[in-house]
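Engineer: First the structure, then my questions, so here it is.
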Amino acid sequence: MVVASIPANAGSVLATCYESVRNLQALLWQWSAVCARLEKRLIGVCETVQCMAGERSMDMQTLVYKVAVERIAQAIRLREF
């Protein structure tokens, strides 16, 4: 399976976010817990994009970008910026 660059890079971004949360809250996470969190998030993104790929005639990179923008827009709406 070829993974688009956005979710591939998202792994390192998520790991950095998890590390920041862990440090701010003075938590001790096992490496396996971090990997499980990353796997859950990234598999979810890949599954979402694969479902969309069956419905739309766009390349994977465009679909991943579309999902990312939609999620950012949703987060902005929820935070009422």
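The values are calculated or read from the model by the stated rules, or taken from the named source; none is laboratory data. Owing to the predicted nature of the structure, the values given are computational and were not obtained by experimental measurement. As a convention, Cβ positions derive from the backbone with ideal geometry for all residues, glycine included, and neighbour counts pool all protein chains shown.
Engineer: Tell me yes or no: at least one residue of segment 1-17 is surrounded by 11 or more Cβ atoms within 10 Å (Cβ to Cβ), touching a Phe, Trp or Tyr at 6+ places or on another chain (Cβ under 8 Å) and either modelled with pLDDT of 85 or more or farther than 20 Å from LEU63 by Cα (or both).
Structural biologist: no
Engineer: Out of all the residues in segment 13-55, which are touching a helix residue (DSSP H, G or I) at 6+ places or on another chain (Cβ under 7 Å) and without any contact (Cβ under 8 Å) to a residue 24 or more places away in the chain?
Structural biologist: ALA15, TYR18, TRP29, VAL34, ARG37, THR48, MET52, ALA53
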